[in-house]
Amino acid sequence: MATGTLIFLIIGGAGIALLALALLGTELLHFGGADGPISIETVAGFAGAFGFGAAIVNELLGGRTTGAVAVAAGGGALAAVPAAWIASRISRAARNMPTDPTPTRDHLVGALGLVVTPVPADGYGEVRLRVAGQPLKLNARADRPVPLGAQVFVVQALSETSVHVETY
């Protein structure tokens, strides 16, 4: 393997490592909370594609002369530009993805559930609810005793972890 190929492979590996760190959410090289005009993901995608693309071209050319290494670098740049653009678009789409608001205790009211620990008239039992697609197990009170397995709905959220239920 030519020395130029090894150097290009190291550049490509460093780019992929930086891309993995950037996509996993590390704030590596982010200053003042801003990405700047070019994101880290774009730079990392460019470096990875440049290094690996140039290594492939360098090996195909035999890469033992300065001219062959320069041509290989050009080939790497041809691979790197679209890869950087794709990395930029994907990372921007991931950052700007619309999401649903985080469910709060107000979202519990009206939820349907199942009693998993019987609810006595003067104490707490447990119910299993599904709110915003997430299963929740909460403490539950009721005006009358509610047996195990009864279907209930929430009439009031007493706290973040307890609800008042009625059978239906």
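Readers should treat all values here as calculations from the given coordinates under stated rules, not as data from a laboratory. Only a predicted model underlies this, so the values are computations on that prediction, with no experimental measurement involved. So basically every Cβ, Gly included, is an ideal-geometry build from the backbone, and we count neighbours across all protein chains shown.
Assorted remarks:
- Rel. contact order, % - alpha carbon contacts under 8 angstrom, at least six apart, segment 3-95: 35 percent
- Long-range tail of P(r) for segment 54-133 (Cα pairs > 17 Å, %): 71 percent
- q = 0.11 Å⁻¹: log10 I(q)/I(0) that the Debye formula gives for the chain, counting C-alpha atoms only: -0.62
- Relative contact order %, segment 1-159, counting alpha carbon pairs below 8 Å whose residues are six or more apart: 18 percent
- For ALA111, the residues 5 or more places off, or on other chains, whose built amide H falls under 5 Å of its own are VAL154.
- Take the chain and mark each of the GluC sites (Glu not before Pro) that is in a DSSP loop with at most 14 other Cβ atoms within 10 Å; the longest unmarked stretch, sites excluded, is 28-159.
- For segment 38-78 versus segment 1-17, the gap between their alpha-carbon centres in whole angstrom: 9 Å
- Amide H within-cut-off set for GLY63, under 5 Å, with H built and near neighbours excluded: none
- Net charge of the neighbourhood of MET1, taken over other residues with C-beta under 15 Å away and scored Lys/Arg +1, Asp/Glu -1, is 0.
- Candidates ALA49, ALA142, ALA93: whichever shows maximal mean-square fluctuation once the chain is modelled as a Gaussian network with Cα springs under 10 Å: ALA142
- For the pair ASP143 and LEU60 in one chain, pulling the backbone fully straight at 0.36 nm per residue adds 21.9 nm over the alpha carbon distance.
- Where only alpha carbons of segment 93-168 are counted, the Rg and the Dmax (Å): 14.0, 52
- ARG130-ALA14 FRET efficiency (beta carbon distance; Förster radius 41 Å; 0.05 resolution): 0.35
- Relative exposure of PHE153, PHE8, PHE46, PHE52, judged by other C-beta atoms within 10 Å (fewest first): PHE153, PHE52, PHE46, PHE8
- Mean separation of Cα contacts under 8 Å (6+ apart) over length of segment 105-167, as relative contact order %: 36 percent
- Axis angle, to the nearest 10 degrees, between helix 3-23 and the longest C-alpha principal axis of the chain: 20 degrees.
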